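Below is one structure; the comments refer to it alone.
The values are calculated or read from the model by the stated rules, or taken from the named source; none is laboratory data. Because the structure is a prediction, the values reported are computed rather than measured. Cβ coordinates were reconstructed from backbone atoms using ideal geometry, including for glycine residues, and neighbour counts include every protein chain displayed. All accessible areas refer to the heavy atoms of the entire protein, side chains included, with ligands and DNA or RNA removed. Shrake-Rupley method; radii C 1.70, N 1.55, O 1.52, S 1.80 Å.
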Amino acid sequence: MSTNFMPDPVRVRVAATSANLGPGFDAVGLALGLYDDISAEVTSGGVTVRIAGEGAGDLPGDERHLVVRAMRAAFDECGGQPAGLAVECVNRIPQARGLGSSSAAIVAGVLLARALVMDGERRLDDAAVLRLAARLEGHPDNVAPCLLGGFTIAWTESEGAKAVSLPVAAGVRPTVFVPTGRGLTATARAALPATVPHLDAASNAGRAALLVHALSVAPELLLPATADRLHQDYRAETMPATAALVAALRAADVPAVLSGAGPSVLALREPPADLAAGPDWQVWSLPVEVRGARVGRGRLGHAERDPVAAGRKS
């Protein structure tokens, strides 16, 4: 099966995400209004990646870049590889902070590759995009909201990942606390035990079910709905400042959780004005991103090349 490629550039906007939201471990995620903009085009040979904003100077500018690796996997699914690629990334999602930067890169790469193939949507439909992105990431909880937008529930069956997106109640107003220091998902996962007490698992099952109701229609229940006994306490020793901030917010009746594997913190309503996180934290009020990843034609425009996130309040 031969593969024909688009002659013109394509671009994609992908959102930050927060996974778990307390008890919904490896299943629940929320898309947030903070974006990476990425463009790509087929060239006659070689691979170049230009990076502005988050990760500039640190991330690789060649085949090793995660966007390119995801593109290569998607091109394989579509039947063939182009001779070369030129990629431009304007990153605003903080790297290694628990806000889905790797999932955003993977989703962007898969969607860009599909858009660069003439009949890409026929060869790789939306369900296949989710399955591939989840396989590349290792779990679907961040890639699902990045792709679909809103509040998502993801699960895995024999054929791969699946997900649904649900509406978010108007009273949900996310605030993220982003520390200056980075965290590693592998380190955070290594802190988790192989087994947990049955009572803790049962508690989380009930709270995860309540979380769906609270996020969708009853935000006044978000504080009890975000209580977790599966992962946050185990990870607290590896990120004490994060654990202390979550505890302080919850003591002030703010439904706050570890964002993904941390070290960022997500609050699902605005914190009190007198609660100061301290100088080591940036505090951003972000909307829920409801539209999901968006693909367009052409290179990035002037506004998209601005590495500062528009509308982000601190």
- prompt: Does residue 83 satisfy the condition of being among the small types (Gly, Ala, Ser), open to solvent by less than 30 Å² (accessible area, probe 1.4 Å) and outside the structural domain of residue 259 (by the TED database)?
  reply: no
- request: List the number of the failed condition for residue 173; all other conditions in (1) within 18 Å of the chain's Cα centre (by Cα); (2) not in a loop (DSSP other than H, G, I, E, B) hold.
  value: (2)
- line: Only unsatisfied item for residue 147, checking (1) assigned to a helix (DSSP H, G or I); (2) in contact with a strand residue (DSSP E or B) (Cβ under 8 Å, 6 or more places away or on another chain); (3) surrounded by fewer than 24 Cβ atoms within 10 Å (Cβ to Cβ); (4) in contact (Cβ under 8 Å) with a residue 40 or more places away in the chain, is (3)
- prompt: Is there any pair with a first residue in region 101-120 that is closer than 16 Å to residue 143 by Cα and a second that is β-branched (Val, Ile, Thr) and open to solvent by 10 Å² or more (accessible area, probe 1.4 Å) whose Cβ atoms are under 6 Å apart and which are 6 or more apart or on different chains, and what are they?
  reply: 111/295
message: Of the conditions (1) outside any strand (DSSP E or B); (2) buried (at least 19 other Cβ atoms within 10 Å of the Cβ), residue 56 satisfies every one except a single condition; which number is it?
response: (2)
field: Top-ranked residue of region 98-138 - restricted to ones that are open to solvent by less than 40 Å² (accessible area, probe 1.4 Å) and part of a loop (DSSP other than H, G, I, E, B), ranked as modelled with the lowest pLDDT
entry: 98
- request: Test residue 261 against the stated conditions and say whether it is open to solvent by 30 Å² or more (accessible area, probe 1.4 Å), at pLDDT below 95, at negative phi and among the hydrophobic types (A, V, I, L, M, F, W, C).
  value: no
message: Is it the case, given these coordinates, that residue 41 is in the same structural domain as residue 90 (by the TED database), open to solvent by 10 Å² or more (accessible area, probe 1.4 Å), part of a strand (DSSP E or B) and more than 13 Å from residue 90 (Cα to Cα)?
response: yes
Residue ranges of strands (runs of 3 or more DSSP E) in region 196-314 with at least 1 members outside the structural domain of residue 57 (by the TED database): 256-258, 265-267, 281-285
message: Just to be sure before I move on: is residue 87 over 30 Å from residue 234 (Cα atoms) and touching a Cys at 6+ places or on another chain (Cβ under 6 Å) in the structure I sent?
response: no
field: Number of the exception - residue 154 against (1) open to solvent by 10 Å² or more (accessible area, probe 1.4 Å); (2) in a strand (DSSP E or B)
entry: (1)
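Yes/no per residue for (1) part of a loop (DSSP other than H, G, I, E, B); (2) surrounded by fewer than 18 Cβ atoms within 10 Å (Cβ to Cβ); (3) in contact with a helix residue (DSSP H, G or I) (Cβ under 8 Å, 6 or more places away or on another chain); (4) among the hydrophobic types (A, V, I, L, M, F, W, C):
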{"position": "8", "(1), (2), (3), (4)": "yes, yes, no, no"}
{"position": "32", "(1), (2), (3), (4)": "no, no, no, yes"}
{"position": "36", "(1), (2), (3), (4)": "no, no, yes, no"}
{"position": "48", "(1), (2), (3), (4)": "no, yes, no, no"}
{"position": "63", "(1), (2), (3), (4)": "yes, yes, yes, no"}
{"position": "87", "(1), (2), (3), (4)": "no, no, yes, yes"}
{"position": "93", "(1), (2), (3), (4)": "yes, no, yes, yes"}
- request: Take residue 69 and decide whether it is closer than 21 Å to residue 295 by Cα and of a type in the set (Lys, Arg).
  value: yes
statement: Considering region 157-180, residues that are among the small types (Gly, Ala, Ser) and at pLDDT 95 or above, and then whichever is most open to solvent (accessible area, probe 1.4 Å), we arrive at 158
field: Scan of region 7-66 for residues that are acidic (Asp, Glu) and farther than 30 Å from residue 209 by Cα, ordered by number
entry: 8, 36, 37, 41, 54, 58, 62, 63
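One line per residue, one yes/no per condition, for (1) of a type in the set (Asp, Glu); (2) farther than 29 Å from residue 49 by Cα; (3) at pLDDT below 95; (4) surrounded by 12 or more Cβ atoms within 10 Å (Cβ to Cβ):
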residue: 268; (1), (2), (3), (4): no, yes, no, yes
residue: 272; (1), (2), (3), (4): no, yes, yes, no
residue: 276; (1), (2), (3), (4): no, yes, yes, no
residue: 287; (1), (2), (3), (4): no, yes, no, yes
residue: 304; (1), (2), (3), (4): yes, no, yes, yes
residue: 308; (1), (2), (3), (4): no, no, yes, no
residue: 313; (1), (2), (3), (4): no, yes, yes, no
